[in-house]
Amino acid sequence: MNADERRFAVLRAIVADYVSTQEPVGSRAIVDRHNLGVSSATVRNDMTVLEEDGLIAQPHTSAGRIPTDKGYRQFVDRISQVKPLSAAEKRAVQTFLEGAVDLDDVLRRSVRLLAQLTRQVAVVQYPTLTRSTVRHLEVVQLTPARLMLVLITDTGRVDQRVVDLGDVLDEADVARLREILGGALNGRKLAEASAAVAELPETGPDDLRVPLTQLATVLIETLVEHPEERMVLGGTANLTRSHADFPGSLRQVLEALEEQVVVMRLLAASQDSGLVTVRIGEENEAEDLRTASIVTVGYGAGTPLGGMGVVGPTRMDYPGTISAVHAVARYVGEILTGR
């Protein structure tokens with residue numbers, strides 16, 4: 001290998017050993033553990049160059065070095081292969097997620113999985129409203145004067161609303177309402193569906209104007225809610241076990257995670273399904289997260305429905321974390337778009 005390749009191999013060795021041991025890495029340890037085929041003196045010279053380039057630093061007077069944010073960035077940018085999940089892990093992930101009964105359960109399970117696989121804090125955004133499509137609207141007659149509306153989207157979101165009409169309807173009228181409402185909603189994006197429903201009291205049959213007005217009002221309220229402002233977070237205890245990686249700043253990181261607006265902004269930036277984004281330390285816009293690394297990805301087949309990811313220390317197993325985030329996002333996207 002040439003000098004640049006050898007220096008990157010040294011940097012990669014420092015990253016691997018420091019992530020594993022949390023101890024500064026010396027030239028002798030690199031020679032003994034990584035079989036680079038060069039002497040300790042050559043490794044020391046390479047470490048000097050890496051330090052001058054700002055890729056590693058000497059935390060104290062020992063001979064050991066640790067990666068800097070810039071060093072982690074170069075390492076991540078040059079990862080040629082992420083560590084794949086084993087066949088057993090893939091089966092376990094798929095089985096666990098497929099056992100979910102609804103959207104809320106899918107997202108809760110996703111967060112638990114990510115936190116367990118990465119040993120970091122995991123966060124998942126609810127499917128973005130503007131990208132959801134109405135799959136089906138069911139109108140169920142509970143009593144002659146009470147109906148239940150069941151709205152199902154392509155993202156697995158299910159909303160139920162009970163409407164007291166005051167007036168009695170027969171089965172034929174309910175069937176007509178079902179056909180009118182379904183025709184306005186089914187297959188449309190939620191924003192378009194909301195506009196279409198708003199017109200029904202004026203365009204629908206005169207004898208159904210009153211119930212249509214009542215039902216349209218309830219449906220519009222349902223359609224204009226903002227599930228993209230909701231998220232599921234789990235594994236916070238994993239950060240506290242890594243408190244040494246956040247000297248004097250763990251509390252700030254935890255407070256930033258509690259500020260959902262900050263996290264939602266990070267997830268919203270994950271616009272491409274399957275494309276993993278890694279922000280390391282100082283690359284994070286939020287000041288309280290500048291001692292952390294954040295790995296995010298969009299989930300959903302084709303157009304992303306939302307974002308998910310993990311937050312942890314910069315001393316992170318990046319190949320393993322990227323692999324886990326990518327795999328869970330893929331399975332969640334398949335499950336939601338297949339529902």
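Before moving on, here are some points about what is shown:
- Distance-filtered residues of the range 162-185 - backbone nitrogen under 11 Å, label point 7 angstrom along Val140 Cα→Cβ: 162
- Average accessible area per residue (Å²) across the chain - probe 1.4 Å, nucleic acids and ligands excluded: 48 Å²
- Gain on full stretching of the segment that runs from Glu258 to Gln58 - 0.36 nm per residue minus C-alpha separation: 68.7 nm
- Rough spin-label spacing in nm, given labels placed 7 Å along Cα→Cβ, for Arg265 and Glu192: 3.3 nm
- Förster radius 30 Å - calculated FRET efficiency between Lys90 and Arg230 (Cβ-Cβ, nearest 0.05): 0.60
- One Cα centroid belongs to the range 5-21, the other to the range 296-334; the line between them spans 24 Å.
- The modelled label-to-label distance for the pair His243/Asp164, using points 7 Å beyond Cα in the direction of Cβ, is 5.3 nm.
- If you wrap the range 282-339 in the convex hull of its Cα atoms and look at it from every side, the mean projected area works out to 4.4 nm².
- Bridging of Lys83 to aspartates and glutamates at a Cα separation below 14 Å is possible for Asp317, once same-chain residues fewer than 8 apart are set aside.
- Quotient of C-alpha Rg and 2.2 N^0.38 Å, computed over the chain: 1.31
- Taking the protein heavy atoms of the chain in the context of the full set of protein chains, the accessible area attributed to carbon and sulfur is 49 percent at 1.4 Å.
- Extension gain (nm, one decimal) between Lys83 and Glu51, 0.36 nm per residue minus Cα-Cα: 8.8 nm
The values are calculated or read from the model by the stated rules, or taken from the named source; none is laboratory data. Quantities reported herein were computed from a predicted structural model and do not represent experimental measurements. Glycine also receives a Cβ, built like all others from the backbone with ideal geometry; neighbour counts cover every protein chain displayed. These area figures cover heavy atoms from the full protein model, side chains too; ligands, DNA and RNA do not enter into them. Shrake-Rupley method; radii C 1.70, N 1.55, O 1.52, S 1.80 Å.
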